Amino acid sequence: MSMRGMQVAVERTDDTLVRGTLDFVDEGVNVVIRDAEVRPLEGDVLQHVSEVWIKAKHVRYLHYPRWVQPSKIMEDMRTRWDAAGIKYTQPQHPPSVSKTPP
């Protein structure tokens, strides 16, 4: 499961709210939102943008659907990373060459 493609809202430290489709989030909570609307927490001024990159230090809260279990998503991601790490750290054996007499 991934949160990518979900509708989320990010409350920023500058008292604005960005609502749209989550395109990217990393372990540091840097966020990219597509098809976003940006508005102040208090007010009706609205701006539509195609993409917003929000650095982690500017994220106050990340609001997501209630049914999402972030700890489950992170554990699944960690399991995939561990499996990939094991795969790429195992010794690679060259293909066996059959020796036939001349």
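The values are calculated or read from the model by the stated rules, or taken from the named source; none is laboratory data. The structure presented is a predicted model; accordingly, all values stated were derived computationally and were not measured. Please note: Cβ atoms are built from the backbone with ideal geometry, for glycine as well, and neighbour counts cover all protein chains shown. SASA here: full protein model, heavy atoms, side chains in, ligands and nucleic acids out. Shrake-Rupley method; radii C 1.70, N 1.55, O 1.52, S 1.80 Å.
Restricted to segment 1-46, and to residues that are among the polar types (S, T, N, Q) and touching a Lys or Arg at 6+ places or on another chain (Cβ under 7 Å), which residue is modelled with the lowest pLDDT? If you could, list the steps in order and put the result at the bottom.
Within segment 1-46, the subset among the polar types (S, T, N, Q) is 2, 7, 13, 16, 21, 30.
Subsequent filtering for residues that are touching a Lys or Arg at 6+ places or on another chain (Cβ under 7 Å) retains 13, 16, 21, 30.
On the way: Thr13: 95, Thr16: 94, Thr21: 95, Asn30: 90.
Of everything passing the filter in segment 1-46, Asn30 is modelled with the lowest pLDDT.
Only residues that are open to solvent by 60 Å² or more (accessible area, probe 1.4 Å) and not in a loop (DSSP other than H, G, I, E, B): list them for segment 2-46, please.
Those that are open to solvent by 60 Å² or more (accessible area, probe 1.4 Å) and not in a loop (DSSP other than H, G, I, E, B): Gln7, Arg19, Phe24, Arg34, Asp35, Arg39.
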Residues of segment 60-70 being in a strand (DSSP E or B) and within 16 Å of Thr21 (Cα to Cα), which ones? Tyr61, Leu62, His63
